[in-house]
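Structure first, commentary second.
Bear in mind these aren't lab numbers, they're just calculated from the coordinates by the rules spelled out. This structure is a prediction, so every number in the text was calculated from the model and none was measured. Here the Cβ is made from the backbone with ideal geometry for all residues, glycine too, and neighbour counts use every protein chain on show.
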Amino acid sequence: MENKDEFNDLFSGNLDEKMDFLNDKKSSSQDGLYKIDLTKAKDKKRGYRSVIRFLPNLSRDGKVNQSAIEKLSHYVDIKNEKELSGWFDSPRNFNEKCPLTDLYFTMTNSKNAILQERSKCLKYSKKYFSYVLIMEDENQPELVGKVMIFSYGKTIRDKILAEKTGEISGIPCNVFDLSNGKDFVVFVKEITTGDDNYPDYKNSMFKPDITSISLYSEEKKSFKNVPLTDGKIDSKYQPKIKEFLLSRDHDIEDFSPKKLTEEQQIKISEISAYLTGKSSTSFASKAPSKSLASEDDFDTNVPSNLSDDDDDDDFFNDID
């Protein structure tokens, strides 16, 4: 027999609690990502400023995993065909041939100026995902004290590396270290290049002082550094810190690269057909009346698998 209590909300006329999709504050972080929203910057001239602390990756089963997850993705941006636009995780994440990488090089190496121009619809992104503690954010104060996931690109990755090698201060520092890490000041401004606007993180920097992790007191609305004993966190504080690290709502593994689905593979074939002007089942009526490409248009020496040593920024419009 059905439980009538399950249907109380349905007929009570009180459905306000079922309208979370209208709650901007909740939806802005519902995936666990810490988003730098330049539209929320109180001082547009200065840009967006916040302070975060990079955290180690403690798994739910108590293992310490890699501090960041790396993911290669493509964004297809076809202005007049929105149904063909979208994000695709690259098969290169799994050391496999990537059709969008091949398509990009095929078009840029083409002798056809139209194909070269259309290659700009294929954008590339190498992202890293790490846990962070939000320590200051005047633009989104409701996030202060939370453990979230921060998505960043090569600019910040290089700053983390520079700290690890001691390139800047002369003293190597693993910024993820709970006992001897550093807080990170995020400075973001919007930069315009041609017709595109993008966030610039170049002025972001780590604070000079090496400190232990700070824990947030919801009651006092303030942070306090965990005391150290002989340079390490005392065992009596460790359970509290473990509890804190696992207080997050989402895991970075949720953002791990995923294999292309059959539907995505079909869509990529449609994208290729549309951009090169070849016939396509779904978009034949929308594609150019004759093919823009011929055998003579292409450079046959097309790299399909880039090594990790290649500077991808030289090849794609990188989204940082």
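Just a few scattered comments:
- Estimated from the Cβ-Cβ distance and a Förster radius of 35 angstrom, the FRET efficiency linking ASP31 and THR229 is about 0.40.
- Taking 0.36 nm per residue of separation and subtracting the Cα-Cα distance, full extension of the segment from GLN116 to TRP87 would add 8.3 nm.
- Within the same chain, lysines fewer than 8 places from LYS220 are excluded, and of the rest, those with a Cα less than 17 Å from its Cα are LYS146.
- LEU245 sits among other residues whose Cβ lies under 14 Å from its own Cβ, and their net charge, with Lys and Arg +1 and Asp and Glu -1, is +2.
- For LYS278, the lysines whose Cα comes closer than 30 Å to its Cα, not counting residues fewer than 8 places off in the same chain, are LYS79, LYS82, LYS97, LYS111, LYS120, LYS123, LYS126, LYS258, LYS259, LYS267, LYS286, LYS290.
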